[in-house]
Amino acid sequence: MDLVRKTGQPGSVLMFSLQEERRLTAASQTQPGASTDALKAQRQKTDTEARAFLASSNVSMDNVPSDIKATLAAARNGLGDLSAKRSAIDSGSLDATGAFTYYTGLIGNYLEMFTSLSHVDDGTVAYLTRPLVGEFWVMELMAREDTELGMGWSVGQLPPAVYTSVSQNIGAQAYIFGEEVSTRLPANESALIQKLGTSDGWQVKGQIEQEVFKPAAPNKAGMMVLPPMGQQWRSAMDSIRPQITELVTLRATAVLDNGQQDADSLLNKVITTTLIGLVAVIIVVLVTWRLTGSLRRRIVGLTDQAGELERTLPEVVERLARGEQVDPAAASRAIATGDTNSTGGDELDRLGQALNLARASAVGTAVRQAEQHRGFEKLLQRIARRTQLLIGLQLKTLNEMERRHEDPEVLEGLFDLDHLTARLRRYEENLVILGGGQPQRRWRKPVPLLDVLRSAQGEVQDYRRILIDVEGSPWLSERAVGPVVHVLAELMENAATFSKPPSPVEVRAALVGRGLAVEVEDRGLGMEQAQYDAANALMRSTPRMDVLAQADDVRLGLYVVARLAATLGLQVEFRPSAFGGTRAVVLIPGELVSRDPNAGYGGYPTAVPDPEPEPLPVRSAGATLSGETYDEAEAYNEFEADLSSTSYQSYDESYDAPSAETWTEPLEPVPAPRPSWATRVNDHERTVESVDPPLPQRVRQASLAAELRTPPPAGMPAAPVEEPAPTRARSGATTIGAFQRRSRAARYEQTGEIMQFPNPAQFPAPTTEDQS
């Protein structure tokens, strides 16, 4: 309301002056030399009122609504071009139509400002202001009509567009007066409107408008001819204008008076409220000062006991997380209160009782959650182990089917099922590990590291891309075989998954000063340094993981690796690779490494290496040996049927009971075994006594017909035989399958033992709920 008082009255006076300057400017342009002195005097008056408006409207706009701020700024800025427009009018560069348009737009800014000022939160003020804005619009429409008809009276005619504009202005005046102004004014102002309507000037105005708008056709020039009534029109408008100005002034005064009354009433309310508040504050201060001494000691004691509760509750939760049994009642000391009755005592006593209830509820909830978590882990392990039992039986069945079938297509499908089952077994072990258990696969004797790496490789989907390189012949302790196979399989699968085929995944192993180091390196995109740091931090300190909370975590494999590494004392570290990917380094402690294989196998022959043995060549995947292609699928089938199908006890127990028969050294030298993938193993021929019969040695072309062994005569080219790729693959699978079955058959016939699988009695019988 203060802004309305400061800008409303100066703005309305300035608007009336601009309307009069517009009329005089149009008259001077249509009748050169006429109204020159009057126009000059009016311009001076307008400048004086413009300076007054600019001074009064220069107020702070911090709390002003955006619409009022915008319209006020437009009204102030529009005055900046007034001098330039006047000069253009005087020089003749701006015609009558252009000058009329400029002044009309400038006056429109003030009408919009008055409209926005009427939009206030006070309903009474808004109701009183709306007729005032309507009166402003009536005055503007009458001023436009006066100006346009004044330009026509000087030449006796009007263009059709101006003629139509005058007609629209007359209609708008009648609507606003009848609908927006007359129906909203009090009795005294309504009487002034009735007086205006019956005045002689208003009657003459109406008669002239009727004469002007009698039906008539345009003249030959297309102009609308006006009746010669210019003098009567001027006299009528000069008599009407003061009456309308009086009506507007009366309405504006009523609005300001009502606003002043509201402001005074609001001021009185503020003063009264302030006094009441001041008295209340004084009373509160006095009462508080009297109670502070007695309450402070109790509050300090309650704070100390609550702090003790804050320290003991996390300890209880940590003990529950470690699996300890906690008594909720004795977990933490209760807060002492002045009154043990739950309904007695003051607010501080009830606060202490509420804290005790909160403590008991928190401890009880933590205990129940811990029990539920442990129960869920046990249930998860139970289900996973029963699934593992079925997987072991499935592997055994697949092994038996591989021995019985010779069809390459059937063998190919069986090998694929064998591989998928081995991977499924690892996934089930993941459930056991995440549930807090340990894998059930056990070995009774140490195992060569090469077999461990191959077993891990066989549990990876894209195993053909994995290249293995082992320095020396290290052996792994029997208790570390299962977890290490699982850890390496997870790392290999991660490397193969996040690197683009056909890029290789290199696995290197070698003895180091502190044990055995295995590196798994891929050529993928790698990770950011922050991701490496987070993964290494997870490997160093394995957190207790809630399986349900981590159900959507893509890093479940890392949790499995971290748990197994923490159990065995393995050190796992992730580093950027020189190829752009990731290199995972697994350091196996020395106590888990068996350097001498004889220490773990009773009766295993002592190897006597020949002098200066010739090392075997290092081969890559798909390399050729003696003109034959050694495919990855063949190498995979060589070990997967043995290692994957052994389920939990995958080590061959035939080593535990050596045969009494004596193996004599063959008269002819045995060819060196063909290497698998890119494996490098320092394996020499051995001379032994009183040991198991060796596995059958493959002799190239030994099973061929005699005609095929003889090479073709010199100079006679061998006829090329094209064999389709699928036929060669099936033939290779058949050969490898037959070789595996014959080698196992020979070993089992000599030892009289069979492959070991988990005893079904080791697992609890399935309940009705499990069977459903």
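Using the Cβ-Cβ distance between Ala358 and Leu295 with R0 set to 22 Å, the FRET efficiency works out to roughly 0.50. Taking a straight Cα-Cα cut-off under 30 Å and skipping sequence neighbours fewer than 8 places away in the same chain, the lysines within cross-link reach of Lys40 are Lys6, Lys85, Lys205. Using R₀ = 41 Å, calculate the FRET efficiency as 1/(1 + (r/R₀)^6) where r is the Cβ-Cβ separation of Glu400 and Ala530; round to 0.05. Step by step, r from the Cβ atoms, then E = 0.20. Available extension along the chain between Asp37 and Leu275 is 79.5 nm, counting 0.36 nm per residue and deducting the alpha carbon span. Computed extension gain for Val287 through Arg479, at 0.36 nm per residue and net of the alpha carbon distance, reaches 61.6 nm. Summarising the label geometry, the points placed 7 Å from Cα in the beta-carbon direction at Asp62 and Ala510 lie 7.5 nm from one another. Only lysines eight or more places from Lys445 in sequence, or on another chain, were considered; those with a Cα closer than 22 Å are Lys396.
Full extension of the segment from Ser165 to Glu112, taken as 0.36 nm per residue of separation minus the current Cα-Cα distance, would add 17.0 nm.
All of the numbers you see were taken from the coordinates with simple rules; none came from a lab. All values reported here derive from a predicted model rather than from experimental measurement. Don't worry about glycine lacking a Cβ; one is built from the backbone with ideal geometry, like all the others, and counts go over all protein chains shown.
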